[in-house]
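Visitor: One structure follows; several queries about it will come next.
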Amino acid sequence: MVEATPTAVDVADQAAAAADEAARRGMRRLSEGSRAWMSAVPPQFLSPDFRELPVTPRAKACLELALLRRLWARVGSGDPALARVTSAVDAIWADPSFPGQIAAEPRYARQYGLAYAALAPPGASLDQATLERIAPAGHFTPYSRSSYLRLEMRFYADLAGLDHDIESYPVLYQGCELPRFAEAPTDIEAAYRVTHTLFHMTDFGAHAPQITEAERRHALTLVDRMTTHFVAVEHWDLTAELLLSQHCLGQDPTLTGSGAAGIRALLAVQTSDGRIPARFAAQRIPETSPPVDLFRRAFHTTLVTAFASMISLADA
């Protein structure tokens, strides 16, 4: 039998399949490395006795580590490395000084207090004074008129099981900037508002956003273009958040051109121990810098890289 000569379409399909598989392999490498680094974060960096890290950045990092524990347990409960993160989070919530740390900066006391209640590990005993401060008699009252901030508050209040009168997610979404953008925003703060809106609307990809199909397609177009932009300007933190945002909108980021470019960009800078070294290229410091400085530059971007990679892989 004479073998058929591959057509141009066959060759194109094979090339596309190979590119998709390369992106999937890259996402697995990002996931393995970022999770390995996050699970090995030296405990002293998050200890109140470690004086080189100011109290409020430390408290924020502790809350973010608890969010990692929650999302990791959802998609990879059998992962041995998760046990180290779980142990660290349990120790943080058991520390009687932790409520004082999250309240140390008045500007963030209610926001951090709400996250403290929402992200508490199973079985944790919560500080009653903190709970009463953020939700007297168990009722949470929003502290902003901003739909964007109220959406975040609703997400954490629901997670904490607090009574509240905050609007529904669909109503809050209509008040946010995302559905009103005609063009993809390139402003950094606006971009973070887009990604966080999608994270909280979907519980970091756990369910579809409560929006119309036309709104979903519009948001996905914006996010795709934003991913291309922030890859080009070497903003690694937003690149990772936008990969997850694609997933939150029902799109596998390993199957988009912008997503594949984002994966390659993060892989290109991921260090041998799994870190993404900074939020953006200009913030990167030499590897000979003090460990605490390397930690502070890498923590958030490595965290969101772990979110994006492990969640999108788990749901693929």
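Visitor: So what J values fall out for the stretch 67-83 if you push phi through Karplus, 6.51 cos²θ - 1.76 cosθ + 1.60 with θ = phi - 60°, rounded to Hz, Gly and Pro as x?
Guide: 5, 4, 4, 5, 5, 5, 5, 6, 10, x, 4, x, 6, x, 5, 4, 4
Visitor: In addition: Explain nothing, just compute: Karplus ³J(HN,Hα) = 6.51 cos²θ - 1.76 cosθ + 1.60, θ = phi - 60°, for every residue of the stretch 163-180 in order, whole Hz, x for Gly and Pro.
Guide: Running phi through 6.51 cos²θ - 1.76 cosθ + 1.60 with θ = phi - 60° gives 6, 7, 10, 6, 4, 5, 4, x, 5, 4, 4, 5, x, 7, 6, 3, x, 9 Hz.
Visitor: Another question about this same structure. Would you mind pulling out the separation of the Cα centroids of the stretch 166-213 and the stretch 244-261, in Å?
Guide: What the calculation gives is 16 Å, centre to centre.
Visitor: Using a 1.4 Å probe, what is the accessible area per residue for the stretch 194-316, in Å²?
Guide: For the stretch 194-316, the per-residue accessible area is 35 Å².
Visitor: Can I ask one more? On a 1.4 Å probe surface of the protein chains, which of R51, R217, R150, R74 comes out largest in accessible area, and what is the full order?
Guide: From most accessible down to least: R51, R217, R74, R150.
Visitor: Rounded to the nearest 0.05, what FRET efficiency do R180 and A19 have when you use their Cβ-Cβ distance and R0 = 41 Å?
Guide: Working from the Cβ atoms, E equals 0.75.
Visitor: Step through the residues of the stretch 202-207 one at a time and calculate ³J(HN,Hα) from phi using the Karplus curve (6.51 cos²θ - 1.76 cosθ + 1.60, θ = phi - 60°), rounding each to whole Hz and writing x for Gly and Pro.
Guide: 10, 6, 6, x, 6, 8
Visitor: Could you give the size of the charge dipole of the stretch 145-239 about its Cα centre, using +1 on the Cβ of each K and R and -1 on the Cβ of each D and E, expressed in debye and rounded to the nearest 20?
Guide: 180 debye
Visitor: Where nothing but the Cβ of Lys and Arg (+1) and of Asp and Glu (-1) is charged, how large is the charge dipole of the chain around its Cα centre, in debye to the nearest 20?
Guide: Computed charge dipole of the chain: roughly 580 debye.
Visitor: Related question: Once ligands and nucleic acids are excluded and a 1.4 Å probe is used, how much of H218 is accessible, expressed in Å² to the nearest 10?
Guide: Here the residue's solvent-accessible area equals roughly 60 Å².
Visitor: Further question on the same structure: Taking +1 at the Cβ of each Lys and Arg and -1 at the Cβ of each Asp and Glu, which of S47, W93, S147 sits farthest along the dipole of the stretch 44-156 towards its positive end, judged by Cα position relative to the Cα centre?
Guide: Checking the options against the dipole of the stretch 44-156, the answer is S147.
Visitor: In the stretch 38-82, carbon and sulfur make up what percent of the accessible area (probe 1.4 Å)?
Guide: 58 percent
Visitor: Another question about this same structure. Amide H neighbours of F140 under 5 Å, counting only residues 5+ apart in sequence or on other chains, H built in-plane at 1.01 Å?
Guide: Distant-sequence amide H within range of F140: D163, H164.
Visitor: If you roll a 1.4 Å probe over the stretch 155-297 with all protein chains in place, what percent of the accessible area is carbon or sulfur?
Guide: Percent of accessible area from carbon and sulfur atoms in the stretch 155-297: 52.
The values are calculated or read from the model by the stated rules, or taken from the named source; none is laboratory data. It should be emphasised that the depicted structure is a prediction, and the values quoted were computed from it without experimental measurement. Heads up, the Cβs are rebuilt from the backbone with ideal geometry, glycines too, and the neighbour counts pull from every protein chain shown. Note: areas computed on protein heavy atoms with side chains; ligands, DNA, RNA excluded. Shrake-Rupley method; radii C 1.70, N 1.55, O 1.52, S 1.80 Å.
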